[in-house]
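The block underneath contains the structure these notes are about, expressed in structure tokens.
The values are calculated or read from the model by the stated rules, or taken from the named source; none is laboratory data. Worth saying up front: this structure is predicted, and the values here are computed from it rather than measured. Reconstructed Cβ throughout: ideal geometry from the backbone, glycine too, with neighbour counts over all protein chains shown. Note: areas computed on protein heavy atoms with side chains; ligands, DNA, RNA excluded. Shrake-Rupley method; radii C 1.70, N 1.55, O 1.52, S 1.80 Å.
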Amino acid sequence: MATGRECEPERWNSHAGRGIGTKEEIKVLNSYLDLLQHNVKVAHQTLIEADHRITAETIRNKFQGKTEKPHSLITIFKEHNKKIEALIGKEYTKGTLSRYQTSLKHTQDFLKWKYNLTDIDIKLIDHAFITEYEFYLRSTRKCNNNSAVKYIKNFGKIIRICLANRWLTYNPFLNYKNKIKTVDRVYLTTGELQELANKNMATERLTQVRDIFLFCCFTGLAYADVKKLRKWDIVTGVDGEKWIAIKRQKTDTPSRIPLLPTATALIQRYADHPHCESNGRVLPVLSNQKMNAYLKEIADVCGIDKPITFHIARHTFATTVTLLNGVPIESVSKMLGHTNIQTTQHYAKILDIKVGADMALLKKKFASPKIISKRIVKSRQRKNQKLSQKAL
């Protein structure tokens, strides 16, 4: 960076970096150079105190009074969502994009509600901002605990991006704590499953939706996975039987599921369906919205008083169909395509029926007359011995 001043070569001390002599013009030059050096040191110190990255460029910009362009929250959030959208089908799903778009909208609405702003400098995000945002989600937006925590978690990813780029030097989530509450998952009992399977539906469309729902009850497939299930995803397993071999859309993890007789029969029922023949699909799956709408009608017809959605089929497979029938939790976890067995353990916690059945065997063992009689005899013998010793 040039100083914009001149000096004759013979009157310049290269080692000292100053002019030589006592003339007024040399004094003015040296005084100016001293001021420049002082201002550079001040700029350097200011950057250190602000914990900014120290480079020749940042020092020069600070010295020249060039302010760094502020990084705004909503702009960063939108840029993040654009990258998610560009990677749909490669690293992310449409569901992930939808989740972050909803989080962005909640964040924009909060800024308008709390500060009457459309955007905010990221450096103004602090612990108070996080807690106020959570309060807004729970009160104004009326989100339940788990929904509020998930939206805050999505917001936290944006903060981590800012920290990684050193746009933020302080983590506003420090000392912030929140916890997902375990929710009891709804599932169909054996009786409800039987009622659903045996019921004659009024229309072909209801029968079709019921059959696809039953198929997922006996395979554990989520909606996205059964919708994209193709005929070549049905393979011959190590036991010579038919298996489903796919990668879960949500987690991209392998899932291999042996087909139960009910599931095999349902596949055969729709093998000649026009939709399946033209697209190579295993089943003619409608949109998730339509499936859930029809399922509510089916639940009413069958007298099932539960909030039935398509995802309940997956819960039913994990509980009623597998765990309740003695299938080890490790096998269930693998078939469901869970990346962590703790996710599967949530299903095991709600199976009071299984706990009751296991304890019934233990009760039966301890209720045996032979065991009880032996214990009574031994107890009486010990009592008689004590009385004999006291008499002596």
Positions within the range 218-235 being open to solvent by 20 Å² or more (accessible area, probe 1.4 Å), over 16 Å from T262 (Cα atoms) and either in a loop (DSSP other than H, G, I, E, B) or not aliphatic (A, V, I, L, M) (or both), in sequence order: Y223, K227, K228, R230, K231, W232, D233
Residues in the range 267-290 that are surrounded by 11 or more Cβ atoms within 10 Å (Cβ to Cβ) and in a loop (DSSP other than H, G, I, E, B): how many? 9
Taking the range 109-159, which residues are open to solvent by 10 Å² or more (accessible area, probe 1.4 Å), in contact with a Leu (Cβ under 9 Å, 6 or more places away or on another chain) and not in a helix (DSSP H, G or I)? L117, T118, D119, I120, D121, C143
For the range 236-266, give me each residue that is surrounded by 14 or more Cβ atoms within 10 Å (Cβ to Cβ), of a type in the set (G, A, S) and in a loop (DSSP other than H, G, I, E, B). G237
The condition from (1) outside any helix (DSSP H, G or I); (2) at pLDDT 90 or above that T3 misses is numbered (2)
Filter the range 200-217 down to residues that are farther than 16 Å from I312 by Cβ and not acidic (D, E) and give me whichever is surrounded by the fewest Cβ atoms within 10 Å (Cβ to Cβ). N200
Could you pull out the residue among I353, I376, I298 that is at pLDDT 85 or above, at negative phi and either touching a helix residue (DSSP H, G or I) at 6+ places or on another chain (Cβ under 8 Å) or part of a helix (DSSP H, G or I) (or both)? I298
Please specify each residue of the range 170-182 satisfying the condition of being open to solvent by less than 90 Å² (accessible area, probe 1.4 Å) and within 24 Å of H71 (Cα to Cα). N171, P172, F173, Y176
Identify, please: which residue in the range 81-111 is touching a residue at least 12 places away in the same chain (Cβ under 8 Å) and aromatic (F, W, Y) and is, among those, farthest from F135 (Cα to Cα)? Y100
Scan the range 1-23 and give yes if some residue there is touching a Lys or Arg at 6+ places or on another chain (Cβ under 8 Å), exposed (fewer than 12 other Cβ atoms within 10 Å of the Cβ) and over 28 Å from Y136 (Cα atoms), otherwise no. yes
